[in-house]
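Taking it in order: structure first as structure tokens, then the write-up.
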Amino acid sequence: MLSENIKAMRKSKGLSQQELAVKLNVVRQTVSKWEQGLSVPDSDMLISISETLETPVSTLLGENIIEPEVDDLKAISAKLEVINLQLAQRKIARKRILHWLLISLCVAIAAIFAGLCVLGSPYLGWDYSNAETAVLGVIFHSFEWVFVRVAPIIVLGAIIGIFLTQKEK
């Protein structure tokens, strides 16, 4: 009876053999031997066990303790609820990050466009007889040409994305 009661009370408190052993300052094998009925704790240790497991010594020495049945459906339901909550929070966080990335993209494109307007295509007046200048001029012109044609589409997509990722109130 004692061995079964120690095991049942330990499990009902959610303790492993190792955790109970640490609390009682014994090795795990000692707890295992108690639970298998291979040895019996002395009276001082029995008092320590009862204090640790928060149960009277008479209960440990008395009748068999029936382990409380865990309602599996409720436990699974609670775990699923926690998981769903965590997934919802992640989704909200990702949506918020995407929202601010799209705003940052619009600001960056506006800044680049403003910079290009201020510079006013300076490469048109460069001396292209120098190879390095010619390569830089072609690269700058290509960037400007692609940017002016693609940026409005990206900004339009980003603005639509900003409205779609906006927080619902």
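Values for this structure:
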{"quantity": "Mean Kyte hydropathy of 0.5 or more with a Cα span along the axis of at least 18 Å, helices from DSSP in the chain", "calculated": "72-119, 131-164"}
{"quantity": "Listed candidates (i) 1.19; (ii) 0.96; (iii) 1.54 - label of the one calculated as Rg/Rh (Cα atoms, Kirkwood Rh)", "calculated": "(iii)"}
{"quantity": "Among the listed pairs Lys33/Lys79; Lys23/Lys74; Lys11/Lys79; Lys11/Lys91, those beyond 28 Å (Cα-Cα)", "calculated": "Lys33/Lys79; Lys23/Lys74; Lys11/Lys91"}
{"quantity": "Net lengthening on full extension, Ile153/Val138 (0.36 nm per residue, minus Cα-Cα)", "calculated": "3.1 nm"}
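Coordinate-derived values only; no laboratory data. Just so it is clear, the structure is predicted and the values come from calculations on it, not from any experiment.
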